[in-house]
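Below is one structure, written out as structure tokens; the observations come after it.
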Amino acid sequence: MEKNNYIIYAHRGALAYAPENTKIAFEKALELNANGIELDLQKTKDGKLVIFHDDIIDNKSNGKGKISDYTYQELLNFDFGSWFDSKYKNEKILLFEDFAKEFLDKDLTFAIELKVLGIEENTLDIINKYKTHDNIYITSFLYEAIENTRELNKNIKLSWLVSKINKENVNKLLKIKGQQICPKAELVSKEDIDLANKNGLGVRLWGIYNEEIMKRVYKFNIEGMTVNFPDKLYELIKKEKM
């Protein structure tokens, strides 16, 4: 993979430096030279799409319970920043449409992860309303979610999150004309990546928890990786180019 096209996907924004999946985390990611953003979508009680990773809000806010227990307006009563640092007090949960309005026209690559089934159509509607380019992947661990997405849209890029690359999941992804397979960095080998590439699939890695993993997998023929610290991957790319 030509490293000039290498995508530094900021994982839930720059989550090492700001409360994940918040507006401030995405802004921070851009400050730190990310050229890609990864985020997670959940559905509220009243059917709104919000950006949040966990099923429950207990650990990442001052509220309790499931995202799906609350309407979007009710979720706005909670503080989604203080758990990370008091300087982020009163950071609000972010509506996907508000994110789309502000970020989807930027020259970035997006990995939009569906955490639940049943939000595929709404997600596509919002993307189509605000996108200005096609560097957008709908991604999920749920094969059914990306399969449903393909039925709704023949052209959008699809990526499937898996533990490891193998012949079976490569074939399943090809069946729905997916573009990218996303294994866990710690479990990936050069042979796995060769198998994906040989079948015309790009590879994005996830689970880069520290710089040691990042440096080890950087040499592989991959399109990019999802990192908590985009600045460190940016510096590595710069150093390797010298």
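For T149, the conditions (1) loosely packed, with under 13 Cβ neighbours inside 10 Å; (2) farther than 17 Å from G200 by Cβ; (3) touching an Asp or Glu at 6+ places or on another chain (Cβ under 8 Å) are fulfilled apart from (1). Note on region 21-140: enclosed helices (runs of 4 or more DSSP H) holding 3 or more residues that are within 27 Å of I181 (Cα to Cα) are 23-31, 96-103, 120-130. Out of curiosity, is K172 part of a helix (DSSP H, G or I), among the basic types (K, R) and either more than 18 Å from L201 (Cβ to Cβ) or modelled with pLDDT of 95 or more (or both)? Yes; evaluated as a whole, the condition is true for this residue.
Within region 152-169, being in a strand (DSSP E or B) and either touching an Asp or Glu at 6+ places or on another chain (Cβ under 6 Å) or among the hydrophobic types (A, V, I, L, M, F, W, C) (or both) holds for L158, W160, L161. Residues that are in contact with a Ser or Thr (Cβ under 7 Å, 6 or more places away or on another chain) and not basic (K, R): does region 59-67 have at least one? Checking region 59-67: at least one residue is in contact with a Ser or Thr (Cβ under 7 Å, 6 or more places away or on another chain) and not basic (K, R).
Among the hydrophobic types (A, V, I, L, M, F, W, C), at pLDDT 95 or above and part of a strand (DSSP E or B): does that describe I222? No; evaluated as a whole, the condition is false for this residue. Might you check whether a residue that is crowded, with 20+ Cβ neighbours inside 10 Å, more than 22 Å from L124 (Cα to Cα) and either small (G, A, S) or at pLDDT 95 or above (or both) occurs anywhere in region 176-183? So far as region 176-183 goes, yes, one or more of its residues are crowded, with 20+ Cβ neighbours inside 10 Å, more than 22 Å from L124 (Cα to Cα) and either small (G, A, S) or at pLDDT 95 or above (or both).
The C-beta contact set for region 199-214 (first residue surrounded by fewer than 19 Cβ atoms within 10 Å (Cβ to Cβ), second residue of a type outside the set (G, A, S) and part of a loop (DSSP other than H, G, I, E, B), distance under 6 angstrom, 6+ apart or interchain) is empty.
The values are calculated or read from the model by the stated rules, or taken from the named source; none is laboratory data. Everything numeric here is computed off the predicted structure, so don't read it as measured data. So basically every Cβ, Gly included, is an ideal-geometry build from the backbone, and we count neighbours across all protein chains shown.
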